[in-house]
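Here the structure is laid out as structure tokens; the discussion comes afterwards.
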Amino acid sequence: IAPTWVDGNLMEVCGGELVESLLAAGLRVILRPHRDSIDADPPWLAAVRTRFAGDSRFGISDGQTGGNPVDRADLLVTDWSGAALSFSLGMEKPVLSVDVPAKVLNADFVRFELPAFEETVRHRIGRVLPPEHAADAGDIAMQLISERRNYVPVLRELRRETVFNPGRSAAVGAAILH
């Protein structure tokens, strides 16, 4: 689980129920809070740490110690984190997006009258879960994991449509700057 750091993130809204559902489905759950959340130590982080402290299938990672657990995950659960795009388009694995209010860091974006990119691709990279259905997260997660192969061609096509120079962007960028 990789929530955003803003108020109203998935952990703040339905985190306990979400983790409970994933654990009940037999999944190992690693929470990777955003580094700003770790620094701020919000109440939801302390609450989830206490609530699931006795379950060996639950852990919290800072993404630094022992590497990033997202790299080893079969599924990412997030809200509006950019990690969803890296995970799905880079690793060709599905994402379960919890539909809390969108993270908006620039309120002027509405002047352009265009939907946010994340909003347009959420249904293509996985499934979107209303927070009031967090208890269904375990079943949906198991379904997404079992259907992972079906997502690979979809994610490859989306990457082809939206990412420039995948796998060689550093070389292309360096050549342009040279």
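The values are calculated or read from the model by the stated rules, or taken from the named source; none is laboratory data. Note that this is a predicted model, so its numbers are computed, not measured. Reconstructed Cβ throughout: ideal geometry from the backbone, glycine too, with neighbour counts over all protein chains shown. Heads up: the accessible areas ignore ligands, DNA and RNA and are worked out on the full protein's heavy atoms, side chains in. Shrake-Rupley method; radii C 1.70, N 1.55, O 1.52, S 1.80 Å.
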Using a Förster distance of 22 Å, the FRET efficiency for V152-W5 (Cβ separation, nearest 0.05): 0.15
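So between T50 and F117, what do we pick up on full extension, going 0.36 nm a residue minus the alpha carbon distance? Display every interim value, and only then the final one.
Numbers: separation 67, 0.36 × 67 = 24.12 nm, distance 3.57 nm.
Going from the current span to full extension adds 20.5 nm.
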Segment 66-178: relative contact order in percent, alpha carbon pairs under 8 Å with at least 6 residues between: 28 percent
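How large is the dipole of the chain about the Cα centre if only Lys and Arg carry +1 and Asp and Glu carry -1, each at its Cβ, rounded to the nearest 20 debye? Working shown, then result.
Details: 19 positive and 24 negative charges, 161 e Å.
Its charge dipole is roughly 780 debye.
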Rough spin-label spacing in nm, given labels placed 7 Å along Cα→Cβ, for E17 and E161: 3.2 nm
Spin-label proximity, R57 to segment 145-178 - amide N less than 20 Å from point 7 Å beyond Cα toward beta carbon: 145-148
Cut-off under 5 Å, modelled amide H: who pairs with I60 long-range: L31
HN-Hα J in Hz across segment 154-164 - Karplus 6.51, -1.76, 1.60, θ = phi - 60°, x for Gly and Pro: 5, 5, 5, 5, 4, 4, 4, 6, 10, 10, 8
Candidates L105, L89, L23, ranked by Gaussian network fluctuation over the chain, Cα under 10 Å, top entry: L105
Net charge over other residues, Cβ less than 13 angstrom from the Cβ of T78 (K, R count +1; D, E count -1): +2
Dipole-positive endmost among M11, T78, P153 within the chain (Cβ charges, Cα centre): P153
Ellipticity estimate at 222 nm from DSSP helix runs (n ≥ 4, -39,500 (n - 2.57)) divided over the chain, nearest 500: -11500 deg cm²/dmol
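Among E161, E132, E113, what's the order by accessible area (1.4 angstrom probe), most exposed first? Before the final figure, lay out each step's value.
Details: E161 95, E132 135, E113 160 Å².
In descending accessible area the options line up as E113, E132, E161.
Quick check: with the 1.4 Å probe, what order do H123, H178 take by accessible area, largest first? It would help to have the intermediate numbers written out before the result.
Working: H123 135, H178 195 Å².
So the residues, ranked largest to smallest area, are H178, H123.
With a sphere of radius 13 Å drawn around the Cβ of M142, what net charge do the other residues whose Cβ falls strictly inside it have (Lys, Arg +1; Asp, Glu -1)? Could the numbers behind the result be given before it?
Numbers: positive: R28, R127, R148; negative: D74, D136, D139, E147.
Residues close to M142 contribute a combined charge of -1.
Taking a probe of 1.4 Å, how large is the accessible area per residue of the chain, in Å²?
About 57 Å² of surface per residue is accessible.
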Most mobile of S61, S146, S21 in a GNM of the chain (Cα contacts under 10 Å): S146
For the chain, share of DSSP beta bridges that run antiparallel, in % to the nearest 5: 0 percent
Packing-based order for 169-175, 79-85, 148-154, 97-103, using average beta carbon neighbours within 10 Å, highest first: 79-85, 97-103, 148-154, 169-175
J(HN,Hα) series, segment 127-140, from Karplus relation 6.51 cos²θ - 1.76 cosθ + 1.60, nearest Hz, glycine and proline x: 10, 10, 10, x, x, 6, 10, 4, 5, 8, 4, x, 5, 5
